[in-house]
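None of the figures in this text is laboratory data; all of them are computed from the coordinates on show. As the structure is a prediction and not an experimental result, all values here were calculated from the model. As a convention, Cβ positions derive from the backbone with ideal geometry for all residues, glycine included, and neighbour counts pool all protein chains shown.
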Amino acid sequence: MNGVGLWAIALIVLAAAGVVWGIVALIQRQRYIRSLRDRGWTFVGSPSFDAIARLENPPFGLGFRRSPDDQITGRTSAGRPFQVIEYKAEQWSGWVGMVTLSRRLPELWMAAGETRPRYGVEASVVPAPGHLGPGWQIGATDPAFAAEALTAQVGAQLNAMTAGLPGLNANIDGDQLVVLDPPRKDPELLAPWLEQLAGVAAAFDAAPLDRWILPELGPRMSFYHHPDWHWIDVDDSVLQYTPVTSSGHAHRTSELVRGRDGDGPPFVAFRHHWKTTRTETTTDSEGRTQTRTVEDSHSEEILGFQLPIRMPWLQVARNGRGISFESAAFNERFAVSAQDQKFAYDVMHPRQLEYLMANPPAPFRIQEDWVWFSPGEHSHQAIAHCSAFVRGFLARIPRFVWRNLGLPDAPYPQLDSTSAR
């Protein structure tokens, strides 16, 4: 038999093996689902986004592409609701288990052993109480809450849970006690694990924490540490007033977010998509010419912060030639252009230059009553970074500049003495 025949046989064997493996996997999955339902639990292969909409702490609450998958729900022996779900996001994928608490409580992180902190977590490390024992890492946005929440009863339940399954990585996310990597493959292991997790939840419920209760959230896509961000996704009306590329056709938006951070300016951020057509001519070996129309797809990131009043045009770029300031280091790193040079010097005073050097921003420009950034990417992190920067930048604009523009006072609380002139 020649080599071609051997390859054909090998391919047939591999294809048959793939079919057999697929059938075995399907049978095993059906048995697994049946074992879950035999316990009175519910299995959903394609849950809706509502399954995780109210969760906002990592791995939830980050990024724009979030996908819940296989979901197991039910109640523990004491009637406490639970959920075990597969979750995929831009920076994380895996399984998460959770039980419901009686109250919505502040962020609290509890990790045992060599467990690494979760991606994206922004919490202060606080000392673990003595009754927890060694090897615990505790994080909280409010250390006072951590001190009150981690009672001796909670500590006993947490330690009991890590006895059989070390490496616990848990947190409080609103009214859910959430743990990564539940033993979901075997219902015989998952059931007692959920009972233990419910025991931890019961201990938190028993603690006197009513003064820490948080308000309820609506079922919307939430963003970690950004409660006033709102997911819109598509709103093509913004193309009428944002500086998008106007050439081409089939203009549309996606992944649009609106919001603000604290008393900072409101923003709009989205991806802009459009298409262009071009004519492509080719000549074959016999000299015959063929012409065809080719359609190309394009996209760009748009991020802008709305100002309370129109301002003269000013641009801050990386490198290049610009207005010369008294800081040689700043002039080497940034290029400032402006419609009104006096306005540029008023805004870019020495403290402002120091702020940009310490917090280098993405290139941006002030255009009428907007600040438009060129962040280079459309992401949760890029929006948050630019939002924090622009708030500090605007707060350092001197009060007399705002008054000259027509406002009675500076619209943002001043951050240093120079800004208060």
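Kirkwood hydrodynamic radius computed over region 160-222 comes to 13.6 Å, based on all pairs of distinct alpha carbons.
With Cα atoms defining each centre, region 195-273 and region 300-345 are spaced 30 Å apart in the structure. A Cβ-based charge dipole, computed about the Cα centre of the chain with Lys and Arg at +1 and Asp and Glu at -1, lands at about 180 debye. Over what distance in Å are the Cα centres of region 372-408 and region 156-172 separated? If we compute the Cα centre of each part, the gap is 44 Å. Label-to-label distance, ASP205 versus ASP38, with points set 7 angstrom from Cα along the beta-carbon direction: 2.9 nm.
Largest GNM mean-square fluctuation across THR291, THR277, THR42, computed for the chain with C-alpha springs under 10 Å, falls on THR291. Two numbers describe the Cα atoms of region 156-266: Rg and Dmax, which are 21.9, 65 Å.
FRET efficiency for the LYS342 to THR279 pair, using the beta carbon distance and R₀ = 56 Å, is estimated at 0.65.
Anyone know which of THR100, THR245, THR281 comes out most mobile in the 10 Å Cα GNM of the chain? Highest fluctuation of the listed residues: THR281. Relative contact order of the chain, taken over Cα pairs closer than 8 Å and 6 or more residues apart, is 10 percent.
Just so you know, the Rg over Rh for region 31-212 is 0.94, from Cα atoms, with Rh as the Kirkwood radius.
Restricting to DSSP loop positions (anything but H, G, I, E, B) with no more than 16 other Cβ atoms inside 10 Å of their own Cβ, which GluC sites (Glu not before Pro) remain in region 318-399?
Numbers: sites: GLU326, GLU332, GLU354, GLU368, GLU377; in loops: GLU326, GLU377.
When the GluC sites (Glu not before Pro) of region 318-399 are filtered for loop state and at most 16 Cβ neighbours within 10 Å, GLU326, GLU377 remain.
Under the criterion of Cα pairs below 8 Å and six or more residues apart, the relative contact order for region 244-332 equals 24 percent. Counting pairwise Cα distances across the chain, what percent come out greater than 41 angstrom? So the pairs more than 41 Å apart make up 39 percent of the total in the chain. Across region 23-133, the volume of the C-alpha convex hull divided among the residues equals 167 Å³ per residue. Karplus-derived 3J(HN,Hα) values for region 68-79, using 6.51 cos²θ - 1.76 cosθ + 1.60 with θ = phi - 60°, are x, 10, 2, 10, 10, 10, x, 9, 6, 4, 8, x Hz; glycine and proline are entered as x. Taking a span of 27 Å or more along the helix axis (Cα atoms) and a mean Kyte-Doolittle hydropathy of at least 0.0 as the rule, the DSSP H helices of the chain that qualify are 3-38, 187-206. What is region 229-420's relative contact order, in percent, from Cα pairs under 8 angstrom and six or more apart in sequence? This gives 18 percent for region 229-420. Secondary-structure-derived ellipticity at 222 nm for the chain, considering helices only, amounts to -9000 deg cm²/dmol, per-run term -39500 (n - 2.57) for DSSP H runs with n ≥ 4. Neighbour counting of Cβ atoms within 10 Å sorts the residues TYR224, TYR241, fewest neighbours leading, into TYR241, TYR224. The trypsin sites (Lys or Arg not before Pro) of region 259-342 that DSSP puts in a loop, and whose beta carbon has at most 14 other beta carbons within 10 Å, are ARG288, ARG321.
Shown here for region 104-205: chymotrypsin sites (Phe, Trp or Tyr not before Pro) in loop regions (DSSP other than H, G, I, E, B) with at most 16 other Cβ atoms within 10 Å, namely TYR119. Rounded to a whole number of µm²/s, how large is the Stokes-Einstein D of region 229-420 at 25 °C and 0.890 mPa s, given Rh as the Kirkwood radius over C-alpha pairs? Approximately 131 µm²/s, per Stokes-Einstein.
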